[in-house]
Amino acid sequence: MNTQNPSLPFFDITRQYKEIKSEVMSTFEKILDAQACIGGAYVTEFEKSAAQWVGAKHAVTVASGMDALILGLKAIGVKAGDEVITPAFSFFGSTGAITWINAKPVWVDIHKDSYCLNVDQVKKKITSKTKAIMPVHLYGQCADMDALMKLSKETGIPVIEDTAQSIGASYKGKPAGGIGHVGAISFYPTKNLGGAGDGGMIVTNDELISQQAMLLKNHGMPKRYTYAMLGSNSRLDALQCAYLNIKLKHLKKWNERRAEIAGQYIKNLKDLESKGLVLPVTMEGNKHVFHQFVIRVKDRDQVKARLAELGVPTDIYYPQAIPDESVLKEFRNPAEKFPVAEECAQTVLALPIFPELTQKEIDTIIAGVRKAL
Ligand SMILES: *Cc1c(COP(=O)(O)O)cnc(C)c1O
């Protein structure tokens, strides 16, 4: 495998680290010398600059993207037994956050061009128990937020945006994560803004939701040893916040480079659409940040194997529709079908995309896909 280009990786995070290493080292030294590891200026400074960067009024850092979803759901009042509508095709964490608080995931299929939830189907799934709608801005672009926010306004049901893959994306000029009532961002190292470990952030324009999130992530304590609610510990430490703040200064450039690489792939593979290749579509009004560059091909597993032989690594996000996961069978109505999600699980294939790919590597990937098809 990978005999022709042994050095072409699917993702290489060490390249990006070289760009920031000296600044990280000197900052980490300061923090560690002072042993000021929890809370403090580096945390508040990052929250302030991240809120501003994203375009939301408030940002509350937490321990992971999953915790941003869990605490975000709690902050908007979702409780055990409530229903939350979410797409049938995503990383498991979106549904996983709902089940973790003993709420019930209610799935809808996705739109075949955007890979985000189908808002027409959301309408049909609303019941008196629906207490939130959770779109997932998959692969780097937003769901149809105009239609969704209209529905939210009509029904009074709040929207929590799973923005784990889409920091910096926007929809009709509005920032991903800052359109609904609350947004959840992940800093898992492979995300567009990746930490030096796990991390996440809740963003919101609602002061009350931000206060709830602050309490939930710190034992429900507004003041030391005074408890306003039952909380957890989901603090993000000063080292992570300092690291992320250093990277944040580069994020615009890195996101633009991802989009530029995506543009090269699209331009040079466009003619293969006549052979059944499906390329990513940027939906109207969207700024796409290409967390992943996902194509669809019919004989996906053979194409993947041929690409591997040509030295082009690929990956599959995701190999199964969420409702088909056996650990979720208690929530699954077997009569319900999610045809688009199920077809995508069989046909999606992600090409390497990260800002530090070289032109030679990009050319190799394009040539490889052309040959493999
Ligand atoms: C990564 C991801 C999460 C979870 O984030 P973690 O930081 O890994 O907990 C949730 N939803 C989606 C869509 C993701 O891609």
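Values in this text are rule-based calculations from the coordinates and carry no lab data. Predicted model, so just to flag it, every value in this text is computed and none were measured. Every residue, glycine among them, receives a Cβ derived from its backbone with ideal geometry; neighbour counts consider all protein chains shown.
When you scan the range 252-281, how many residues do you find that are crowded, with 17+ Cβ neighbours inside 10 Å and part of a loop (DSSP other than H, G, I, E, B)?
2
From (1) within 18 Å of the chain's Cα centre (by Cα); (2) in a helix (DSSP H, G or I), pick out the condition that doesn't hold for residue 99.
The single condition residue 99 does not satisfy is (1).
Go through the range 282-327 and count every residue that is not aromatic (Phe, Trp, Tyr) and not in a loop (DSSP other than H, G, I, E, B). Quick ask: steps written out before the conclusion?
Of the range 282-327, the ones not aromatic (Phe, Trp, Tyr) are 282-289, 291-292, 294-316, 319-327.
This time we only want the ones that are not in a loop (DSSP other than H, G, I, E, B), so: 286-287, 294-296, 300-309, 315, 322-324, 326-327.
Residues that pass the stated criteria total 21.
Can you say whether residue 290 is in contact (Cβ under 8 Å) with a residue 24 or more places away in the chain and touching a Gly at 6+ places or on another chain (Cβ under 7 Å), as far as the supplied structure shows? Break it down into steps so the answer makes sense when it comes.
Numbers: in contact (Cβ under 8 Å) with a residue 24 or more places away in the chain: yes; touching a Gly at 6+ places or on another chain (Cβ under 7 Å): yes.
The answer is yes for residue 290.
Exactly one of (1) surrounded by fewer than 21 Cβ atoms within 10 Å (Cβ to Cβ); (2) part of a helix (DSSP H, G or I); (3) over 19 Å from the mean Cα position of the chain (by Cα) is unmet by residue 127. Its number?
(2)
Of the conditions (1) away from the ligand (no atom under 16 Å from the Cβ); (2) touching a Pro at 6+ places or on another chain (Cβ under 7 Å), residue 170 fails just one. Which one is it?
(2)
I'm checking my understanding of the structure. Among residues of the range 194-225 that are among the hydrophobic types (A, V, I, L, M, F, W, C) and away from the ligand (no atom under 14 Å from the Cβ), which one is farthest from residue 72 (Cα to Cα)? Reasoning before the result, please.
From the range 194-225, those among the hydrophobic types (A, V, I, L, M, F, W, C) are 196, 201-203, 208-209, 213-216, 221; that's our starting set.
Restricting the remaining residues to those that are away from the ligand (no atom under 14 Å from the Cβ) gives 203, 208-209, 213-216, 221.
Details: 203: 9, 208: 12, 209: 8, 213: 7, 214: 10, 215: 12, 216: 9, 221: 17 Å.
The selected residue is 221.
From 236, 230, grab the single residue that is assigned to a loop (DSSP other than H, G, I, E, B) and buried (at least 22 other Cβ atoms within 10 Å of the Cβ). Talk me through it step by step, then tell me what you get.
On the way: 230 fails: buried (at least 22 other Cβ atoms within 10 Å of the Cβ).
Residue meeting the stated conditions: 236.
Take the range 114-145 and flag every residue that is within 13 Å of the ligand (Cβ to nearest atom), aliphatic (A, V, I, L, M) and under 16 Å from residue 168 (Cα atoms).
136, 138, 143
What is the one condition in (1) more than 16 Å from the ligand (Cβ to nearest atom); (2) surrounded by fewer than 21 Cβ atoms within 10 Å (Cβ to Cβ); (3) touching a residue at least 60 places away in the same chain (Cβ under 8 Å); (4) not hydroxyl-bearing (Ser, Thr, Tyr) that residue 191 does not satisfy?
For residue 191, the exception is condition (1).
Answer with yes or no whether residue 39 is small (Gly, Ala, Ser) and surrounded by fewer than 17 Cβ atoms within 10 Å (Cβ to Cβ). Please lay out each step first, then the result.
On the way: small (Gly, Ala, Ser): yes; surrounded by fewer than 17 Cβ atoms within 10 Å (Cβ to Cβ): yes.
The answer is yes for residue 39.
Got a number for residues in the range 21-36 being closer than 27 Å to residue 224 by Cα and exposed (fewer than 15 other Cβ atoms within 10 Å of the Cβ)? First the steps, then the outcome.
As a first pass, look at the range 21-36 and keep what is closer than 27 Å to residue 224 by Cα: 30-36.
From what is left, the residues that are exposed (fewer than 15 other Cβ atoms within 10 Å of the Cβ) are 30, 32-35.
Here the count works out to 5.
List every residue pair whose Cβ atoms lie under 7 Å apart, where the two residues are 6 or more positions apart in sequence or sit on different chains, the first residue falls within the range 133-162 and is over 21 Å from residue 89 (Cα atoms) and of a type in the set (Gly, Ala, Ser), and the second residue, located anywhere, is within 16 Å of the ligand (Cβ to nearest atom) and not in a loop (DSSP other than H, G, I, E, B).
152/133; 152/159
Taking the criterion of being in contact with a strand residue (DSSP E or B) (Cβ under 7 Å, 6 or more places away or on another chain) and within 16 Å of the ligand (Cβ to nearest atom), would at least one residue in the range 352-359 satisfy it?
Looking only at the range 352-359, we keep the residues that are in contact with a strand residue (DSSP E or B) (Cβ under 7 Å, 6 or more places away or on another chain), and these are 353.
With within 16 Å of the ligand (Cβ to nearest atom) added as a condition, the list becomes 353.
Scanning the range 352-359 turns up at least one residue that is in contact with a strand residue (DSSP E or B) (Cβ under 7 Å, 6 or more places away or on another chain) and within 16 Å of the ligand (Cβ to nearest atom).
Consider residue 331 carefully, then state whether it is over 21 Å from residue 190 (Cα atoms) and of a type in the set (Phe, Trp, Tyr). Full working, then the answer.
Working: over 21 Å from residue 190 (Cα atoms): yes; of a type in the set (Phe, Trp, Tyr): yes.
When the stated conditions are applied, residue 331 passes them.
Out of the residues in the range 48-99 that are closer than 12 Å to residue 132 by Cβ and within 8 Å of the ligand (Cβ to nearest atom), state the one that is surrounded by the fewest Cβ atoms within 10 Å (Cβ to Cβ).
Out of the qualifying residues, it is 94.
If I ask for residues that are touching a strand residue (DSSP E or B) at 6+ places or on another chain (Cβ under 6 Å), part of a loop (DSSP other than H, G, I, E, B) and over 22 Å from residue 255 (Cβ atoms), which ones from the range 178-218 would you list?
Result: 181, 217.
Under the condition of being touching a helix residue (DSSP H, G or I) at 6+ places or on another chain (Cβ under 7 Å) and closer than 16 Å to residue 93 by Cβ, which residue from the range 176-188 is farthest from the ligand (Cβ to nearest atom)?
If we take residues in the range 176-188 being touching a helix residue (DSSP H, G or I) at 6+ places or on another chain (Cβ under 7 Å) and closer than 16 Å to residue 93 by Cβ, then 182 is farthest from the ligand (Cβ to nearest atom).
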